[in-house]
Amino acid sequence: MRVRTTAGAGAGAGRTVRRVLVAGVGLALVALTPLSAQANGATGAAAEPVVANRAAGVIGAAAGPVSVAGAAAAPVAVTRTTLAEDTVIPRGVTVDLVRRTMTLTAGEKRHLRGRLEATSTTTGIVGLTERIRCLDASGRTVPVVAASARNHEGSDTVTYATPGHLPLFADLLFTAPADGTYTCVLQGTAYSSLTGSYHLTAVAGKTWLEADDSDRGGAGWWQNPACESADSGGACTYVGTGPARRDAWVFYDDGTPSRKWQAHPDAVSVSAQANLELTTCYHGTASCATAMQAHPRGKNAVVDARFEFIQLGTTGHACRTHSTTARRTVTDDAHHAVGYSFLTGLPVDPACGTRDFLLRIYLKHVSGQTVKVDGVQSGVTSLTNGIAFNNFG
């Protein structure tokens, strides 16, 4: 890894020179040793029941829900467990922040959503990864682990909704592999090649883990193919210029196994969501295949993304298409950024003749850096994923 001194590019007002991470900014999703609950305050979390329809709109990497058109979906009872005390995330350590224990039967499903809000003690750039990891009674991780990542751009960053406060979200549809007790943990990891003493801090009250209180019967999960952090073999999907594709269909023509999801016969409507993690491929980054590094650092990337949830007809073609679009800018300072899309309360049209649905994301390069679509790392950790839900009356 290398550290370079360079001019800040739109990461915060009033800065002319800052220390930044140039190479080796992988998502650091290797197995690291978590601190004990007593050491990191996880046992100080407060649980509160809430009733919420969490799939309520489209949000960007640091934005809140925005409502979209669609019939009202039935509320889902969830319990939110909130971090009670600010908790330090030291460099290179995975910290358990909040946990939820559930007793489930084989095949039972739960939607978990985590929010990690972090501050930094340095004006330099520090990588942040959030994970939701579920463990069985023996302490073994049950695949899949859900994750999202972004560089914290410094304590003086004013481009976040709250200056210096970076929020990340992650979603997991957990399916119990057998009868038993499972503990799901929200974790945070900080990493960079900066020298000196620094750390990130998970913010109390703004960091939490939500989990359904009942079975999400028939819900479906999508994840895209393997894509390791460094991608030395060029296995990932890229959208941009040069040898990269100009556009791509995530979950559809990117090597994801083809699948249809069938709405339950008793569902009054359906909902869907997707988390799309992208990484910019500037010169010298350790996060993209060398052939995909088209521009010097600071060019940034602009892409258009369209999330589609399509009800199919009897011929297997589109009958009713529901979609939402967004233009996203991913800066080279942020480097990794995840966009969140939601479609809620969608009616199942009987005229289509089937209750089959297709979920996909159309991604088109607009300008700037080539971007990598992050996928499954180490065979277990998913950074780009989607979920479909039945809504029962």
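Tabulated results
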{"quantity": "Which listed residue, of G339, G345, is closer than 22 Å to T241 by Cα and in a strand (DSSP E or B)", "calculated": "G339"}
{"quantity": "Test: residue in the range 271-281 that is surrounded by fewer than 19 Cβ atoms within 10 Å (Cβ to Cβ) and in contact with a strand residue (DSSP E or B) (Cβ under 7 Å, 6 or more places away or on another chain)", "calculated": "no"}
{"quantity": "Meets criteria (more than 15 Å from T237 (Cα to Cα), among the aromatic types (F, W, Y) and out of contact with any strand residue (DSSP E or B) (no Cβ under 7 Å at 6 or more places or on another chain)) for F342", "calculated": "no"}
{"quantity": "Residue count for the range 72-102, restricted to those that are under 26 Å from Q273 (Cβ atoms) and assigned to a strand (DSSP E or B)", "calculated": "15"}
{"quantity": "Counted residues, the range 184-218 - those being of a type in the set (G, A, S) and either part of a loop (DSSP other than H, G, I, E, B) or open to solvent by 10 Å² or more (accessible area, probe 1.4 Å) (or both)", "calculated": "9"}
{"quantity": "Selected residue (criterion: most open to solvent (accessible area, probe 1.4 Å)) from residues of the range 222-270 that are touching a Ser or Thr at 6+ places or on another chain (Cβ under 8 Å) and of a type in the set (D, E)", "calculated": "E228"}
{"quantity": "Total residues in the range 83-96, condition out of contact with any helix residue (DSSP H, G or I) (no Cβ under 6 Å at 6 or more places or on another chain) and either of a type in the set (A, V, I, L, M, F, W, C) or open to solvent by less than 10 Å² (accessible area, probe 1.4 Å) (or both)", "calculated": "5"}
{"quantity": "Members of the range 104-152 found to be among the polar types (S, T, N, Q), surrounded by fewer than 24 Cβ atoms within 10 Å (Cβ to Cβ) and out of contact with any Cys (no Cβ under 8 Å at 6 or more places or on another chain), listed by number", "calculated": "T105, T119, T121, T122, T123, S138"}
{"quantity": "Residues satisfying the stated conditions in the range 172-203, i.e. under 16 Å from V380 (Cβ atoms) and touching a His at 6+ places or on another chain (Cβ under 9 Å)", "calculated": "L172, L173, F174"}
{"quantity": "Scope the range 199-250; condition of a type in the set (F, W, Y), out of contact with any helix residue (DSSP H, G or I) (no Cβ under 7 Å at 6 or more places or on another chain) and more than 21 Å from R131 (Cβ to Cβ); matching residues", "calculated": "W249"}
{"quantity": "Residue in the range 153-167 that is crowded, with 24+ Cβ neighbours inside 10 Å and under 18 Å from D96 (Cβ atoms) present", "calculated": "no"}
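The values are calculated or read from the model by the stated rules, or taken from the named source; none is laboratory data. Remember, predicted model here, so these are calculated numbers, not experimental data. All Cβ positions, even for glycine, are placed from backbone atoms using ideal geometry, and neighbour counts span all protein chains on display. These area figures cover heavy atoms from the full protein model, side chains too; ligands, DNA and RNA do not enter into them. Shrake-Rupley method; radii C 1.70, N 1.55, O 1.52, S 1.80 Å.
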